[in-house]
Amino acid sequence: MSEKLKVLTFCSWFPNRLKPTLGNFVQKHAECAALYNEVISLAIFPDTSIEKLEVSDTLNGSLREIVCYYPKKEKGWKPLRLLKNYLEHRRAFKASMELVNKQFGKPDIVHLNIVYPLGLWALWLKITKGIPYVITENSSGWHVTSEHAYPNSIRFLGKLVFRSASYILPVSENLKKNIQILAPKNKYALISNVVDEDLFQPQSVSTERFRFIHISTGVDEIKNLSGMIRVMAAIYSENQTIELDIVSDGDIEYARKLALELQLPNSHLRFHSTKTTAEVAAMIQASNALLMFSNYENFPCVIAEAMMCGKPVVSSNVNGIPEHVLPDVNGILVHPRDEKALKNAMLNLATTPNQFDEKTIRSYAEKHFGYREVGKAFTEIYEKVVNKNN
């Protein structure tokens, strides 16, 4: 197919004025697709502070980003409130699609990023306009056998959306197996989270003081910051050369309090608020290794970012993480919640920092997470779907 395809990336999660880092990995996937296609990203969010629709239409390189905010009511009789909010959401979708049609007409294909909550609109476009769609999924809510799974009502609607997709593109094999419980007959292709290989570059640092970095939303039941902090306190009592930077855009006051209770000095445990992508890249480059200790997870983008910088990873071996964190190549794995094992792994890496090769880690990342490779993979899928439907 010689002409560029018109791709509408329809995003349940996306950076916005209410949550600036929400779904930044979705935005990066759209940027990859825009390397080889004509792409518009569309996201819709409720906002309790506004009285009428507001639309942001911006150009991010070759990617056009439309983010629509609709007024959401929080008070009043619940049935009437829910109806009003639905109608406002529907109005936002209609207004956004009018902008899309004005920009490039009818899309050749929809790329739905995250099924819940906007997936039904992708299904609606297929039914009413004949536009096929593919799905990239990241949410751990589809770990259907987990205690953290979405409720049955969402899973029922999700099943409808998944089963009508031309392709499902989970970011990990583990997530694929869970989605296949809902949609066993669909076509699947694994396409991981992506990293800008030009921004996330290797940079050598001193190993006299070994600096770990952790970057996440900080939700403790998922990311287990409390466990990491307790391990840092245990390490500090016997080794004062190991440090940890925690970067989070979430509410992690509990973590700060725990660090104070354990008397961890700021010189060894530092907290940082929201950072831009460029700032994240700089902080990873200035670190020696990435630290993750999640209780459950898919495959967090920050692991791919650390690897692109040539940094090894110490992580719990949950869900999709062991698919890419390989003990002989780029990191050390421990069981979730095993604080003794995490302490030993951190000490092991800090005292023998040259056991992993920076160039090997970077090479692995370029092959699996690079913008150009992922963009090509998306385009191959798009072309298969569009050619089949023509």
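The values are calculated or read from the model by the stated rules, or taken from the named source; none is laboratory data. Since this is a predicted model, take the numbers as computed values, not measurements. Please note: Cβ atoms are built from the backbone with ideal geometry, for glycine as well, and neighbour counts cover all protein chains shown. Note: areas computed on protein heavy atoms with side chains; ligands, DNA, RNA excluded. Shrake-Rupley method; radii C 1.70, N 1.55, O 1.52, S 1.80 Å.
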_Filtered residue count, the stretch 1-46, keeping only those that are part of a loop (DSSP other than H, G, I, E, B) and of a type in the set (A, V, I, L, M)_ = 6
*the stretch 57-112 - residue that is of a type in the set (G, A, S) and either in a strand (DSSP E or B) or more than 25 Å from I168 (Cβ to Cβ) (or both) and, of those, most open to solvent (accessible area, probe 1.4 Å)*: S62
*So G105, is it modelled with pLDDT of 95 or more and at positive phi*: no
*For the stretch 280-296, name all the residues that are farther than 27 Å from N16 by Cα, outside any strand (DSSP E or B) and in contact with a helix residue (DSSP H, G or I) (Cβ under 7 Å, 6 or more places away or on another chain).*
N288, F293, N295
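This table checks each residue for (1) part of a helix (DSSP H, G or I); (2) of a type in the set (D, E, K, R).
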position: Q240; (1), (2): no, no
position: I246; (1), (2): no, no
position: D251; (1), (2): no, yes
position: A259; (1), (2): yes, no
*Do the conditions hold for L342, that is, is it more than 21 Å from the chain's Cα centre (by Cα) and modelled with pLDDT of 95 or more?*
yes
*Which ones in the stretch 113-128 are touching a Phe, Trp or Tyr at 6+ places or on another chain (Cβ under 8 Å) and either farther than 13 Å from R163 by Cα or outside any helix (DSSP H, G or I) (or both)?*
N113, I114, V115, Y116, L118, W121, L125
*F299 versus (1) within 20 Å of S248 (Cβ to Cβ); (2) at pLDDT 95 or above; (3) not in a helix (DSSP H, G or I): which is the lone unmet condition?*
(2)
*Determine if the stretch 184-193 includes at least one residue that is surrounded by fewer than 21 Cβ atoms within 10 Å (Cβ to Cβ), touching an Asp or Glu at 6+ places or on another chain (Cβ under 7 Å) and under 15 Å from I114 (Cα atoms).*
yes
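Conditions tested, residue by residue: (1) small (G, A, S); (2) in a loop (DSSP other than H, G, I, E, B); (3) modelled with pLDDT of 95 or more; (4) open to solvent by 30 Å² or more (accessible area, probe 1.4 Å).
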site: M307; (1), (2), (3), (4): no, no, yes, no
site: V318; (1), (2), (3), (4): no, yes, no, no
site: D328; (1), (2), (3), (4): no, yes, no, yes
site: K367; (1), (2), (3), (4): no, no, no, yes
site: R372; (1), (2), (3), (4): no, no, no, yes
site: Y382; (1), (2), (3), (4): no, no, yes, no
site: N387; (1), (2), (3), (4): no, no, no, yes
_With the structure loaded, tell me whether R362 is buried (at least 19 other Cβ atoms within 10 Å of the Cβ) and among the charged types (D, E, K, R) or whether it fails that test._
yes
*Residue ID - most open to solvent (accessible area, probe 1.4 Å), chosen from residues in the stretch 135-155 that are over 19 Å from L123 (Cα atoms) and β-branched (V, I, T)*: T145
*For residues that are β-branched (V, I, T) and touching a helix residue (DSSP H, G or I) at 6+ places or on another chain (Cβ under 8 Å), scanning just the stretch 18-56, find the one that is most open to solvent (accessible area, probe 1.4 Å).*
V55
*For the stretch 156-173, which residues satisfy the criterion of being surrounded by fewer than 21 Cβ atoms within 10 Å (Cβ to Cβ) and assigned to a helix (DSSP H, G or I)?*
F156, L157, K159, L160, R163, E173
*May I ask you to list the residues in the stretch 270-279 that are touching a strand residue (DSSP E or B) at 6+ places or on another chain (Cβ under 9 Å) and either in a loop (DSSP other than H, G, I, E, B) or crowded, with 24+ Cβ neighbours inside 10 Å (or both)?*
S273, T274, K275
*asked:* Looking at the stretch 123-134, I want the residues that are farther than 18 Å from F156 by Cα and have a partner that is surrounded by fewer than 17 Cβ atoms within 10 Å (Cβ to Cβ) and of a type in the set (A, V, I, L, M) with Cβ atoms under 9 Å, at least 6 apart or on another chain. Which pairs are those?
replied: V134/A189
*Out of (1) in contact with a Ser or Thr (Cβ under 9 Å, 6 or more places away or on another chain); (2) open to solvent by less than 10 Å² (accessible area, probe 1.4 Å); (3) more than 27 Å from N16 (Cα to Cα), what's the single condition that is false for F299?*
(3)
